[in-house]
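Worksheet: the structure to be examined is printed underneath.
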Amino acid sequence: MEQQEKRSAFFLRNLAKGLIWLAVIVALFVFSKHHIDRELLLRFEPLFEKTGLILFIYSLSELFIGIIPPEVFLIWSLRSGDLHVYIMYALLLTVLSYLAGLTAYFFGRYLHNTRLYRYLRERYLQKTELLLQEYGLYLILVAALTPIPFSGVAMLVGSVHYPVRRYIYLSLARFAKFALSAYVIWEANML
């Protein structure tokens, strides 16, 4: 029972961090929407129109330990103002994030003996590896729902040859995280 309480506390603590992070990003978004000069934002419009480039940057970010928070790209998805378009982009971003996690899983599974993997593990994944040792594979669910680096966890889980079907099933929680974030950002856009 003590282990379950420890896991629950770990999950709730990271969920709270994720919600705080989402609140900060949304607050910055709302603030900038009302207080930053529109002319300044229009200077970035040519970049924002390059959908392929934006999605490529997002995919790289998700693949490499989530360098840029996905919420930033959800905000980018608002630019059309149409709910249906926003939902399509939000779903696309979710699928790309999920696929980046799956790619990281297979990278860890099949390339864990490479110099690149060892470099990534030593440089970026030590803290995550300690969490995996402490919380076991429960970490997949926590990483899918919270700010813990999803791809980093996927890579480590793959390197210990966790069954792919169970990984795929547990990591579907990523869709719930994106659904909540997308909803909150859409509603904040209405303010």
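A few points about this structure:
- Checking each residue in region 11-46 for being surrounded by 11 or more Cβ atoms within 10 Å (Cβ to Cβ), under 30 Å from Ala144 (Cα atoms) and free of Cβ contacts under 8 Å to residues at least 12 places away in the same chain picks out Leu12, Arg13, Ala16, Leu19, Ile20, Ala23, Val24, Ala27, Leu28, Ser32.
Matching residues to (1) at pLDDT 85 or above; (2) under 20 Å from the mean Cα position of the chain (by Cα); (3) not in a helix (DSSP H, G or I):
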residue: Phe31; (1), (2), (3): yes, no, no
residue: Leu41; (1), (2), (3): no, no, no
residue: Pro46; (1), (2), (3): no, no, no
residue: Ile57; (1), (2), (3): yes, yes, no
residue: Leu60; (1), (2), (3): yes, yes, no
residue: Val72; (1), (2), (3): yes, yes, no
residue: Arg79; (1), (2), (3): yes, no, no
residue: His84; (1), (2), (3): yes, no, no
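- Every test in (1) farther than 14 Å from Phe150 by Cβ; (2) modelled with pLDDT under 95; (3) aliphatic (A, V, I, L, M) is passed by Leu92 save one, and that test is (2).
- Scanning region 159-181 for residues that are touching a residue at least 24 places away in the same chain (Cβ under 8 Å), assigned to a helix (DSSP H, G or I) and farther than 16 Å from Thr146 by Cβ yields Ser159, Val164, Arg166, Tyr167, Ile168.
- Condition check for Gly52: of a type in the set (Gly, Ala, Ser) and surrounded by 12 or more Cβ atoms within 10 Å (Cβ to Cβ): no
- Checklist (1) surrounded by fewer than 22 Cβ atoms within 10 Å (Cβ to Cβ); (2) touching a residue at least 24 places away in the same chain (Cβ under 8 Å); (3) more than 30 Å from Glu2 (Cα to Cα) applied to Ser97, failing item: (1)
The values are calculated or read from the model by the stated rules, or taken from the named source; none is laboratory data. Keep in mind it's a predicted model, so treat the numbers as computed, not measured. Virtual Cβ from ideal backbone geometry, glycine too; neighbours counted across all protein chains shown.
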